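Worksheet for the structure shown next.
The values are calculated or read from the model by the stated rules, or taken from the named source; none is laboratory data. Computed from a prediction, not measured in an experiment: that's the story for all the values here. Virtual Cβ from ideal backbone geometry, glycine too; neighbours counted across all protein chains shown.
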């Protein structure tokens with residue numbers, strides 16, 4: 001069997017990016033890339049892979065990963081890694097289909113029967129709306145709630161000191177309303193500097209959050225040492241890291257408790273499996289980053305099913321709630337858990353015809369907040 005084509009699709013309105021790897025035997029695999037606003041760039045990178053990948057044996061996944069990741073000689077950065085991720089996930093899907101087994105069997109077999117997930121909760125600018133949203137998720141069967149740090153003054157502003165005070169009030173209110181059994185996750189989303197992040201983490205310690213995510217910007221990981229030294233709150237990081245090398249310091253220096261690897265950015269299942277094994281040696285649990293589509297959800301599920309240390313899986317859109325025309329078969333889900341999928345490969349189905357009538361999404365403005373003085377800060 002040989003690879004005959006790498007076909008790419010950017011799906012509106014959000015700009016989800018998918019790749020289809022086709023073969024001369026009619027089998028195909030489907031993958032997904034992160035970085036929704038960079039679809040055109042990712043597509044060009046995948047096109048550049050074609051001379052090295054087309055004609056190759058699709059079972060040589062590790063070899064093809066090395067060729068794609070290193071073939072340009074100069075390190076490619078996050079756009080190239082997202083492109084590698086999409087093709088890599090598709091190759092695992094294809095291999096599973098060819099062998100008639102689910103991907104988790106190729107990754108070592110099942111270690112668990114289901115994977116607990118967390119949703120995204122809205123209404124974050126008002127405490128009463130947030131609490132009501134969390135109550136609703138609990139009634140739906142979710143065991144976790146998660147929201148992003150916000151400023152009570154509005155959706156387009158973010159003043160750190162005000163947001164920290166408000167954030168502490170939010171965690172306290174949700175804990176008191178939902179009790180001790182509900183797990184709470186708060187995503188700072190890289191919006192704070194060390195001093196403000198420490199103030200927030202220390203302020204919520206008494207309410208036992210499951211983790212605080214991305215308390216700092218990701219460019220300077222050693223700054224996480226300051227957080228570690230001054231708070232006992234568990235820390236989750238990693239969604240912006242584009243390879244195992246970016247994880248090196250936070251793993252080796254025990255600067256995180258939960259690994260937010262993004263399979264669609266960090267190098268696909270091939271790289272994520274290596275990162276997961278490395279994390280195991282430091283008792284770091286997986287919490288895969290998954291804000292994307294059905295292929296990302298499927299790939300994350302297979303990794304979690306085959307991994308020994310799993311905390312929780314991000315799932316903002318339960319299966320069969322989006323892109324159902326493109327992916328009429330998605331992952332099974334019930335009461336806040338993703339379940340073991342049926343069928344070989346990733347266990348999803350692609351309706352390529354549904355993609356042909358979709359116009360490419362228009363470019364969008366960048367994401368960011370403004371501070372009270374008009375300066376820019378992270379979204």
Worksheet item: Would you say residue 137 is assigned to a helix (DSSP H, G or I), within 21 Å of the chain's Cα centre (by Cα) and assigned by TED's automatic domain parsing to the domain that holds residue 318?
Response: yes
Worksheet entry | Unique residue being part of a helix (DSSP H, G or I) and touching a residue at least 60 places away in the same chain (Cβ under 8 Å) when the list is 20, 97 | 97
Item to complete: Taking residue 152 as meeting all but one of (1) at negative phi; (2) surrounded by fewer than 22 Cβ atoms within 10 Å (Cβ to Cβ); (3) in contact (Cβ under 8 Å) with a residue 40 or more places away in the chain, write down the number of the exception.
Response: (3)
Response to the item:
Scanning the stretch 344-379 for residues that are free of Cβ contacts under 8 Å to residues at least 40 places away in the same chain, within 30 Å of residue 100 (Cα to Cα) and assigned to a loop (DSSP other than H, G, I, E, B) gives 351
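Answer yes or no as to whether residue 204 is in contact with a strand residue (DSSP E or B) (Cβ under 8 Å, 6 or more places away or on another chain), at pLDDT 95 or above and assigned to a helix (DSSP H, G or I). Working first, answer last.
Numbers: in contact with a strand residue (DSSP E or B) (Cβ under 8 Å, 6 or more places away or on another chain): yes; at pLDDT 95 or above: yes; assigned to a helix (DSSP H, G or I): yes.
Yes; evaluated as a whole, the condition is true for this residue.
For the stretch 252-268, how many residues are in contact with a strand residue (DSSP E or B) (Cβ under 8 Å, 6 or more places away or on another chain) and closer than 19 Å to residue 283 by Cα? Step through it out loud before you land on a result.
Let us first name the residues in the stretch 252-268 that are in contact with a strand residue (DSSP E or B) (Cβ under 8 Å, 6 or more places away or on another chain), namely 255-261, 264-265, 268.
Right, trim to closer than 19 Å to residue 283 by Cα and you get 255-261.
Within the stretch 252-268, residues that are in contact with a strand residue (DSSP E or B) (Cβ under 8 Å, 6 or more places away or on another chain) and closer than 19 Å to residue 283 by Cα number 7.
Consider the stretch 50-66. How many of its residues are over 24 Å from the mean Cα position of the chain (by Cα) and either at negative phi or surrounded by 14 or more Cβ atoms within 10 Å (Cβ to Cβ) (or both)? Give the derivation first.
Quick first cut of the stretch 50-66, residues over 24 Å from the mean Cα position of the chain (by Cα) only: 50-60, 63.
Cutting the leftovers down to either at negative phi or surrounded by 14 or more Cβ atoms within 10 Å (Cβ to Cβ) (or both) gives us 50-54, 56-60, 63.
Of the residues in that region, 11 qualify.
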Item to complete: For the stretch 179-195, enumerate the residues that are over 26 Å from the mean Cα position of the chain (by Cα) and either assigned to a helix (DSSP H, G or I) or touching a residue at least 60 places away in the same chain (Cβ under 8 Å) (or both).
Response: 195
